[in-house]
Amino acid sequence: MTSTLRAVAAAAASAALLFALAACSSDAPAAAPTASETQAVQVLDEACADDAGITVAVDASALEEDSKAWCIETDETLAAADALTLVGVETEGNVEFGDDAVCRVNGVPAEDVAIPAEDGSDYFETCEAMSPAFAYWSMWVKPAGGEWGYAQEGISTLELQPGESLELLFTLHGEPAAPTS
């Protein structure tokens, strides 16, 4: 009788394993998406109007690069990292502090681009350590109907509510000191 019980237990375990593998198979039907996963998010190539949606902006005008703003039309809270991904903005942190300190935005400043230092020499951003105080990216947040302020969290933890704005701003020798829009 013991050998029969073992055989039944082994068969049951084998069947359970097969069912588990079938559930993990790419041929198995996926779980139905939630309402928020099926909701299409539209991204416009301009800042949001009237505190609707979430505005994301990148200002590299201090390096004579284009500045750009987008509106993510949503009624949902978004992580800053997700908002940047939605508008196609890529950030790079530095070796010392990781993604908590933005070193480059969409490849700017490139490592081979000379940035004039305060003493007249050329500085090249290597992203090894914290950027110098005369040439750095900062992250700003503006609440709905409010004023711009330095972000109190990093890209990986910051949550944005509809009506809020996020700006990545490159400052060179103190200019621009804050977002202008």
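Put a dot 7 Å past each Cα toward the Cβ at Tyr150 and Thr85; how far apart are the dots in nm?
Taking the two extended label points, one gets 2.8 nm.
Quick one: if the Förster radius is 22 Å, what FRET efficiency do Asn106 and Ala52 give, using the C-beta to C-beta distance and rounding to 0.05? Could you put the intermediate results ahead of the total?
On the way: r = 25 Å, r/R0 = 1.16.
It comes out at approximately 0.30.
Starting with the highest mean, order 86-97, 41-52 by the number of other Cβ atoms within 10 Å, averaged over the residues of each peptide. Please list the in-between numbers first.
Working: 86-97: 15.2, 41-52: 13.6.
For the peptides 86-97, 41-52, the packing ranking is 86-97, 41-52.
Specify which residue in the list Ala114, Ala133, Gly145 is farthest towards the positive end of the charge dipole of segment 107-155, using unit charges on the beta carbon of Lys, Arg (+1) and Asp, Glu (-1), about the Cα centre.
Most positive-ward Cα: Gly145.
Given Cα positions, please report Rg to Rh for segment 62-181, the hydrodynamic radius being the Kirkwood one.
A ratio of 0.97.
Here, each number is a calculation from the coordinates, and none is a lab measurement. Only a predicted model underlies this, so the values are computations on that prediction, with no experimental measurement involved. Cβ atoms come from the backbone with ideal geometry, glycine included; neighbour counts cover every protein chain shown.
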